[in-house]
Amino acid sequence: MSRFTGTDTYVATDDLTMAVNAAIALERPLLIKGEPGTGKTMLAIEVAKSLGRPLIQWHIKSTGKAQQGLYEYDAVSRLRDSQLGDDRVQDIANYIKRGPLWEAFESETPAVVLIDEIDKADIEFPNDLLRELDRMEFYVYETQQLVRARHRPTIIITSNNEKELPDAFLRRCFFHYIKFPDRETMERIVDVHYPHIKRSLLREALEAFFEIRDVPGLKKKPSTSELLDWLKLLMAEDISPEVLRSQDQHKIIPPLHGALIKNEQDVHLFERLVFMSRRGKA
Amino acid sequence: MLTDFFFKLKEGGVPVTIKEFLTLLEALRKHVIAGSLDEFYYLARVCLVKDEKHFDRYDRVFAAYFKGITNLPPDLLAQIPEEWLRRQAELLLSDEEKELIRSLGGWEKLMETLRKRLEEQRGRHQGGSKWIGTAGTSPFGAYGYNPEGVRIGQEGSRNRSAVKVWDQRTYRNLDDAVELGTRNIKVALRRLRRFAREGAAEELDLDDTIRSTAKNAGWLDIKMVPERHNAVKVLLFLDVGGSMDDHVRVCEELFSATRTEFKHLEYFYFHNFLYERVWKDNRRRHTEKMGVFELMHTYAHDYKVIFVGDATMSPYEISYPGGSVEHHNEEPGAVWLKRVLDVYPHAIWLNPQPEDRWGYYDSIGIVRELMEDRMFPLTLAGLEAGMRELGR
């Protein structure tokens, strides 16, 4: 049996690998939640990579429909073609467009399906997929054809918690919540991405990063992906660790902070707090 | 043994179902895990708990149930007598504590007591009146009730192991739902979902299509109309502390029900009456406050405002500067309420006090006057009426 253990570009904690392996072994969907930027979407990509399976991505929008994941019947083109006397019009199958789930069901090898940000869609969206996810089959009414999965794909679903998902849907999934990484895990994650980063720079940067995350009242806390962007910038600009530690009144916030704090109010708040704490020390 | 665990979870307020339990057994049968307790902790959580807000409850049940076991027997499905479990736990107890357990009426009784304590604590924690500032400490430590066999949150366990995870109760802050009893309220709140036509063009407008196709001399001219989206936006203000303690449970039900109903829902807390500042997190109410002016600038006037409070206080707290029980307010609360009502024309006040008692409190009269009589009791009927008012 294939097992997922993390990859050389993705650090998976024990509980996460456990969840993924349970989903693979029992061929049931895995629902992933967690703070933005904790690598929910990356997980599916990495799972596919490490298992050597094809990845089929389905990104959900607010106007998305469950049906689009299965197939779409383009009646409008058919109507237009019929007026133009196109021959294609005789066969309805010409106007059936396969969705990502259909592709996954028909795949020669077991596929990994990513259903990204399922909470973006309508409340009813997950309910419309119950049978498809459970039995891994669906019916195409237009061509009266039953599509059944050759191999049950590994389905990874991400949610940003914008809406609560229906119980019936949750019952059919495994659930994992990606906790924000602690310092140690974070160091491993950075290691995986930037193996050659200077130790001293990393130490100071992480210090600053966790300090910012601890600032009460930030509208948007910086996440792992933002830390990685920031480190990349720091390395590109060749900023020395001493600058990060500097107590200089004029440089109260870390250089290139734009990568970490994305909101003007947050920048003001942060400046104010740092200023006050520095003044307290002086 | 596991069936028992299942029921304990149910008792502990984790909404587990048989289907999920069978999934767990299937996973065990397929040897997804090798057999350590840490792994089992994660596996059972992945299978049984479907929302991070229930992680804390799961941790508590798990800690209580598996106390004293570090490795699972090779075949988990073999029934293990509970007696064995009990003995394991008792090994860790001192004579004195065993005596205490006996005095409490035995193990079962102790578990029962523990559960009650935890429930009581959860209520208070959510109410936010007593647990402010103690968030980092163990509830049992704080209460001096600490028989070894069931202590929670004090285990000095190995670093980075799962035992630590459930003892830490990391997910305590995520538990914001009161599941039971929200159904009725949900029904009433649906009234508030008013469907406004906005969003991308999506649905076929058949009438218009026929009309314009005919106009087009038979050549198809497809017309679309925007699809319906739930566009209701709500600001919810909840009174906490003081005289509201009695009503906290009802308010929490309302709160957890509303969270699922709207796309835009922002909630804020206040104490007794609305003044210049409100807050979002009860445990940080003294550090993270939001100015009401800032709030009015942030949220557009098409938000609908719902106040939930018993409006039972001294009239001074509403109509005089400095009347607040917590701080010195420069301007009377009435002025602040007026400002909010000026910005948000659609507003109601839900009052958990029974309607027939409203006449006994001067303050309720004042608030009703300020709200232009848009005060409704926190009952199904009151909610219905209130939602109708908001929907106008």
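The values are calculated or read from the model by the stated rules, or taken from the named source; none is laboratory data. This is a predicted model, so every value here is computed, not measured. Using ideal geometry, Cβ is built from the backbone for each residue, glycine included, and neighbour counts are taken over all protein chains shown.
A few remarks follow.
- Test result for A:Leu31, surrounded by 22 or more Cβ atoms within 10 Å (Cβ to Cβ) and either over 28 Å from A:Asp229 (Cα atoms) or touching a residue at least 40 places away in the same chain (Cβ under 8 Å) (or both): yes
- In region B:25-49, the residues that are outside any helix (DSSP H, G or I), closer than 13 Å to A:Ala19 by Cβ and free of Cβ contacts under 8 Å to residues at least 24 places away in the same chain: B:Val32, B:Ile33
- Where a residue in region A:81-93 is under 18 Å from B:Leu220 (Cβ atoms) and its partner, wherever it lies, is hydrophobic (A, V, I, L, M, F, W, C), with Cβ under 7 Å and at least six apart: A:Asp81/A:Val89; A:Ser82/A:Val89; A:Gln83/B:Trp219; A:Gln83/B:Leu220
- Hits in region B:293-338 (condition: among the charged types (D, E, K, R) and either in a loop (DSSP other than H, G, I, E, B) or in contact with a Lys or Arg (Cβ under 6 Å, 6 or more places away or on another chain) (or both)): B:Asp302, B:Asp310, B:Glu326, B:Glu330, B:Glu331
- Scanning region B:2-24 for residues that are within 11 Å of chain A (Cβ to nearest Cβ) and assigned to a helix (DSSP H, G or I) yields B:Ile18, B:Lys19, B:Glu20, B:Phe21, B:Leu22, B:Thr23, B:Leu24.
- Selection of region A:24-60 for residues being modelled with pLDDT of 90 or more, within 12 Å of chain B (Cβ to nearest Cβ) and under 17 Å from the mean Cα position of the chain (by Cα) yields A:Pro29, A:Leu30, A:Leu31, A:Ile32, A:Lys33.
- Elements of the type helices (runs of 4 or more DSSP H) sitting completely within region A:61-133 and holding at least 1 residues that are within 11 Å of chain B (Cβ to nearest Cβ) and surrounded by 15 or more Cβ atoms within 10 Å (Cβ to Cβ): these cover A:75-84.
- Looking only at region A:153-170, residues that are surrounded by fewer than 18 Cβ atoms within 10 Å (Cβ to Cβ) and either at pLDDT 90 or above or among the hydrophobic types (A, V, I, L, M, F, W, C) (or both) come to 1 in all.
- Residue list for region A:181-198, restricted to those being facing chain B (nearest Cβ under 10 Å) and either assigned to a helix (DSSP H, G or I) or touching a helix residue (DSSP H, G or I) at 6+ places or on another chain (Cβ under 9 Å) (or both): A:Glu184, A:Thr185
- Test: residue in region A:30-41 that is in contact with a strand residue (DSSP E or B) (Cβ under 8 Å, 6 or more places away or on another chain) and either in a helix (DSSP H, G or I) or over 25 Å from B:Val49 (Cα atoms) (or both): yes
- Matching residues in region A:219-255 - criterion: being within 14 Å of chain B (Cβ to nearest Cβ) and modelled with pLDDT of 75 or more: A:Lys221
- Pairs where the first residue, in region A:1-22, is facing another protein chain (nearest Cβ under 9 Å) and surrounded by 16 or more Cβ atoms within 10 Å (Cβ to Cβ) and the second is outside any loop (DSSP other than H, G, I, E, B) and of a type in the set (S, T, N, Q), C-beta under 9 Å, 6+ apart: A:Ala22/B:Thr23
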